[in-house]
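Taking it in order: structure first as structure tokens, then the write-up.
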Amino acid sequence: MPTIDLALRLAGTLTLRPYVFGFLAIFLVAGVRDLGRARTVAFLVWGGAVALVAELVSTRVGIPFGLYHYTGATRGAELFLGNVPFFSPLSFPFLAYAAFCLARRTLGHGWTTTRVGRARMVAVSGVLMMLLDVVVDPLAVRGDRWFLGHIFYYPDGGLYFGVPLSNFVGWLVVGWITVGGIVWAIAARDRETPGPGAPGLGIALYYLVLAVNLTVTLWIGEALIAAAGIVVHAALFLLLYSVNRVTVGRWSAESLSAPATSGGGTRP
């Protein structure tokens, strides 16, 4: 592809999908503050690659998201990678990161100490990312009614507001692989996963994505989809709050009761 044509299509992607690049900018700022520059770039590249492979395979054989097809309606106006619009796999890294931040806040700092704790973190992150799609995908399949456009469709529809249940399985798997790969790489290199960090902005990103999608869902008149999303995420918030109180309290109690290991004595 000639350089000028590539630049024009990238510009077209930015023009058509400014909300995606807005979320991406928040992710980059949050990630650098939280994980550092190198880890944030790794999150972006790894997450985008995992999502692209998943989409390329799903649009051909239906794994892991279920079979769907991109219409190609904007092929001349924005950048495509094969048959997949560039903005789509670009979205998954910041969604996975936002879920990762919320999971870390929920489980507390103690998750870094054992393999079981890290596995639990990856599992929760995948679930949290998948639950965003309870709102995202039903809205996306109605893209012809808002500024996304009619860019893809499921040939056989789906049980959940036109979305097949296999799609949620796919989001779960992609979330697990994305976060799991990052956690494994950090643990293998640095002997420990991220400590306290600064996940607050990532958590704000999670709820900003949710709020924007709920707002657009209501704007196009899909009150039932919005209500389902609100119920799911209200229940999720209460569950996460309860788990956080238990886990953070437990780790705090263990920290207070642990014997001092430095200086030959206890601190006053």
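Bear in mind that the values in this text are calculations on the coordinates, not laboratory data. Because the structure is a prediction, the values reported are computed rather than measured. Don't worry about glycine lacking a Cβ; one is built from the backbone with ideal geometry, like all the others, and counts go over all protein chains shown.
Which one of Ala188, Ala77, Ala204 has the biggest mean-square fluctuation once the chain is modelled by GNM with Cα springs under 10 Å? Greatest mean-square fluctuation among the candidates belongs to Ala188.
Averaged over residues, the count of other Cβ atoms within 10 Å places the peptides 167-175, 36-44 in the sequence 167-175, 36-44, highest first. Given the chain, report the % of alpha carbon pairs whose separation exceeds 24 Å. In whole percent, the long-distance tail amounts to 52. Each Lys and Arg adds +1 at its Cβ and each Asp and Glu adds -1 at its Cβ; summed about the Cα centre, the chain shows a dipole of about 780 debye.
Annotation for the stretch 48-62 versus the stretch 96-170: alpha-carbon center distance of 15 Å. Rounded to 0.05, the FRET efficiency of the Tyr160 and Ile4 pair, given R0 = 30 Å and the Cβ-Cβ distance, is 0.10.
Can you work out the FRET efficiency for the pair Arg189 and Leu236, with r the C-beta to C-beta distance and R0 = 45 Å, to the nearest 0.05?
Efficiency, rounded to the nearest 0.05: 0.90.
Distance between the pseudo-spin-label points of Val116 and Tyr207 (7 Å out from Cα toward the beta carbon): 3.2 nm. Placing unit charges on the Cβ atoms of the charged side chains and taking the dipole of the chain about its Cα centre, the candidate lying farthest along the positive direction among Leu201, Ala25, Gly82 is Leu201.
Counted residue by residue at 0.36 nm each, then reduced by the alpha carbon distance between them, the extension gain from Val57 to His69 reaches 3.2 nm.
For Phe80, the residues 5 or more places off, or on other chains, whose built amide H falls under 5 Å of its own are Phe86.
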